[in-house]
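Worksheet: the structure to be examined is printed underneath.
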Amino acid sequence: MATEFPFSVRRATADDLDGLHQVMELSMAQLLDPFLTPQQVAASSEIMGLDSRLVEDGTYFVILSGNEIVGCGGWSRRETLFGGNHTAGRSDRLLDPASEPARVRAMYTHPEFTRRGIGRKILELCEGDAAREGFSTFQLMATLPGEPLYRACGYEVIENCEAATSDGTRVPLVRMEKVASAQ
């Protein structure tokens, strides 16, 4: 018997930005630690974070326990695959749903709320929204701690890669993709 999802869900607004940044910082600081060196963890904030375009586009979700943001994530119809407002190489080019995958972006869970279905719920919301806009394939750039969740949800590894920060630190990442099953 499936248990009911114990958290509330809504689309993020500009009023959520401070809370989103707090969850992201906690998540990176604590959940990356077992997988990366201290230098890589510290450097991760340069290549990760919130792209406020997702909030503006209405494709970013918050998961709440009461009034506290305990998870967040979204998807994009734009070309950029990962990174925050400060990340180099961003592109707002709109993707063609008939030939390009939607991007699943910026998924973070508060460290005290991991393994409670938050990541799965965000993926479900993202994939559902993107499918309603005509996308049948979804792509993301996973961190090492996120890869097992994405695999369990049907994503397959396209490539193992690294992102280099301004000081030359190389952070390992995994590009993954999922093709929606026919309904």
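Whenever a residue of the range 109-134 is within 17 Å of Val179 (Cβ to Cβ), its partners that are in a loop (DSSP other than H, G, I, E, B), lying with C-beta atoms within less than 7 angstrom and at least six residues away or across chains, give the pairs Leu123/Cys153; Glu127/Ala180; Asp129/Thr59; Ala131/Ala180; Glu133/Arg77; Glu133/Pro97; Gly134/Pro97; Gly134/Ala98. Whether a residue is hydroxyl-bearing (Ser, Thr, Tyr) and surrounded by fewer than 14 Cβ atoms within 10 Å (Cβ to Cβ) was assessed, and Thr87 does not pass this test.
Against the condition charged (D, E, K, R) and either in contact (Cβ under 8 Å) with a residue 60 or more places away in the chain or touching a Leu at 6+ places or on another chain (Cβ under 9 Å) (or both), how does Arg90 come out, does it pass? In short, no. Inspect the range 111-133 for any residue being part of a strand (DSSP E or B), surrounded by 17 or more Cβ atoms within 10 Å (Cβ to Cβ) and in contact with a helix residue (DSSP H, G or I) (Cβ under 7 Å, 6 or more places away or on another chain) and give the result as yes or no. No, the range 111-133 contains no residue that is part of a strand (DSSP E or B), surrounded by 17 or more Cβ atoms within 10 Å (Cβ to Cβ) and in contact with a helix residue (DSSP H, G or I) (Cβ under 7 Å, 6 or more places away or on another chain). Evaluated against (1) surrounded by fewer than 20 Cβ atoms within 10 Å (Cβ to Cβ); (2) of a type outside the set (A, V, I, L, M); (3) within 19 Å of Glu25 (Cα to Cα), Gly49 falls short on exactly one condition, (1). Restricting attention to the range 92-105 and to residues that are among the acidic types (Asp, Glu) and at pLDDT 95 or above, the residue that is surrounded by the most Cβ atoms within 10 Å (Cβ to Cβ) turns out to be Glu100. Looking only at residues in the range 159-183 that are surrounded by 13 or more Cβ atoms within 10 Å (Cβ to Cβ) and of a type in the set (A, V, I, L, M, F, W, C), the one that is farthest from the chain's Cα centre (by Cα) is Ala180.
Taken as a whole, the range 59-75 holds no residue that is assigned to a loop (DSSP other than H, G, I, E, B), modelled with pLDDT under 95 and loosely packed, with under 15 Cβ neighbours inside 10 Å.
Only one entry in Gly89, Gly83 is at pLDDT below 95, outside any strand (DSSP E or B) and under 16 Å from the mean Cα position of the chain (by Cα), namely Gly83. If you check Glu177 against the conditions, is it of a type in the set (D, E, K, R) and in contact with a Ser or Thr (Cβ under 7 Å, 6 or more places away or on another chain)? Yes.
The values are calculated or read from the model by the stated rules, or taken from the named source; none is laboratory data. Remember, it's a predicted structure, so these values are computed and weren't measured experimentally. Note that each Cβ is placed from the backbone with ideal geometry, even for glycine, and that neighbours are counted across all protein chains shown.
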